[in-house]
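> Sharing a structure here in structure tokens format.
All of the numbers you see were taken from the coordinates with simple rules; none came from a lab. Just so it is clear, the structure is predicted and the values come from calculations on it, not from any experiment. Cβ: placed from backbone, ideal geometry, glycine included. Neighbour counts: every protein chain shown.
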Amino acid sequence: MFNPVELFVGLRYTRAKRRNHFISFISLVSMLGIILGVIALIVVLSVMNGFHKEIRERILGMTSHATVQRADGFMPEWHIAMRLASENPEVVGAAPFIQAQAMLTHRGVVSGALLRGIDPEYEGRVSKIAAYLKNGLKLDDLHAGKFQIILGVELANVLNARVGDKVTVVVPETTATPVGAMPRLKRFTVAGLFEVGMGDYDRGVALIHIQDAGRLLRMGTAVTGVRLKLKDMDRAPAVSVQLARDLPGLYRVSDWTWEHRNFFSALAVEKRMMALILSLIVAVAAFNIVSALVMLVTDKQSDIAILRTLGMSAGSVMAVFVIQGVVIGLVGVLVGLLLGVLLAINVEPIVAAIEKLFGVHFLDPSIYYISRLPSDLHWDDVTTIAIGAFVLTLLATLYPAWKASRILPAEALRYE
């Protein structure tokens, strides 16, 4: 524990005017470096969190939190599985689906797609597809028996198909004919378009009524599986294990963290690497603290020698300079945290104001799916940044403080 003398002298050195103004300049640069580093870390990580949240919501708007399937992908007793899964208190919605790879053709253009049969009555309980439908289309407009299809906007552009056009859907099922086995195909009417803002879905997914999918794929009343929406999607892995244990028979329960694990793992690695790179700003500022304190120790050699002759111990001298470095670092960290949090919370309106003022777009809507800078401030990130920056500045003070404690009074005062 520091004695008041060390605290008084350390704070006095911090406030005192320097004989060498360059030392004051280096101290100011060190503090500004810490402030800028902390601000950059908080703002960039918050923006990355915002992008990750936006992407995750868009992906989960088309997929489900968890999926129940049989090993063979054929589930005739889906009503039972859906009822049993819905009894779990963590499950807030369930919907059957049929899914298969298909080939779509229109006016000589061919494109592959994931054909998904949905039940309009249940689909809204597990996905946000209704929010992505364009031109006033509703899920209730998708009727069984009319063989209607809803295309992603990019898929429709590739096929050059518009609402009302007929597209031919070819599935990997064969039909015996007098000339041999022929692939099953059916003409569907384009009933509408959807736009998620993710190329994988806008370019590669087509939606039809689940009954039409069952007829086309000869599945009868069976489905591919049941999609589930959970109360807390972050608990999806644990809930999936529980559902797999509770459901009878050979069911496989997968969750969104497993189905998209490579993508979300890549995002997590990207965030860690960005944090590491930006931490170098704080590290450089910490090295500046080392430089400033080393020069200060050299400048104050005679003062240190006098304090030693008055009875101050080497440990107390070390504490004086540790306090001075900690004050510089602490002020830098606190100011950086305050400004960083304020900027992270208001980054979207600030960027919008800058774009309006200068007439520019940082994220061109015609190029990027997300045309704004979303920000999602995580207080655990703020805490980690504050602790990390403070520890770096504390470590930076140790060598100069140790060097000050090693000064011998007789040597320092020899030529005074």
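> Using the crude model of +1 on Lys and Arg Cβ and -1 on Asp and Glu Cβ, and no other charge, please compute the dipole size for the range 159-279 relative to its Cα centre, in debye to 20. Can you show the working numbers first?
On the way: 17 positive and 12 negative charges, 55 e Å.
About 260 debye.
> Give, rounded to the nearest 20 debye, the magnitude of the charge dipole that the chain has about its Cα centre when Lys and Arg contribute +1 at Cβ and Asp and Glu contribute -1 at Cβ.
With Lys and Arg at +1 and Asp and Glu at -1, about 420 debye.
> Let me ask something else. In nm, to one decimal, how far is the Ala244 label point from the Leu334 one, both placed 7 Å along Cα→Cβ?
Label-label distance for Ala244 and Leu334, simple model: 5.1 nm.
> On full extension of the chain, what length is gained from Gln101 through Ala71, given 0.36 nm per residue of separation minus the C-alpha to C-alpha distance?
9.1 nm
> Here is a further query. Under a 10 Å cutoff between Cα atoms, tell me which one of Ser127, Ser405, Ser30 has the largest fluctuation in the Gaussian network model of the chain.
Ser405
> Is any helix in the chain, taking whole DSSP H runs, at least 30 angstrom long along its axis by alpha carbon and on average at least -1.0 on the Kyte-Doolittle scale, and which ones?
21-62, 261-299, 314-345, 379-405
> List the residues of the range 125-167 whose backbone N lies under 12 Å from a point placed 7 Å from the Cα of Leu185 along the Cα-to-Cβ direction.
167
> Let me ask another. So if R0 is 25 Å, what FRET efficiency would His260 and Thr383 give, r being the distance between their Cβ atoms, rounded to the nearest 0.05? Each step should come with its number before you reach the end.
Values: r = 28 Å, r/R0 = 1.12.
Between His260 and Thr383 the formula returns 0.35.
> On to the next question. Pairs to check: Lys134/Lys231; Lys134/Lys356; Lys53/Lys134; Lys138/Lys231; Lys146/Lys186. Give those whose C-alpha atoms are more than 19 Å from each other in this structure.
Pairs exceeding the cut-off: Lys134/Lys231; Lys134/Lys356; Lys53/Lys134; Lys138/Lys231.
> Add -39500 (n - 2.57) for each DSSP H run of 4 or more in the chain, then divide by its residues: what number comes out at 222 nm, to the nearest 500 deg cm²/dmol? Show your work: numbers first, answer last.
Numbers: 16 runs with 228 residues, N = 416.
Roughly -17500 deg cm²/dmol at 222 nm, from the helical runs in the chain.
> Where a Cα-Cα gap under 28 Å defines reach, which lysines qualify for Lys403, not counting those fewer than 8 residues away within the same chain?
Lys17, Lys300
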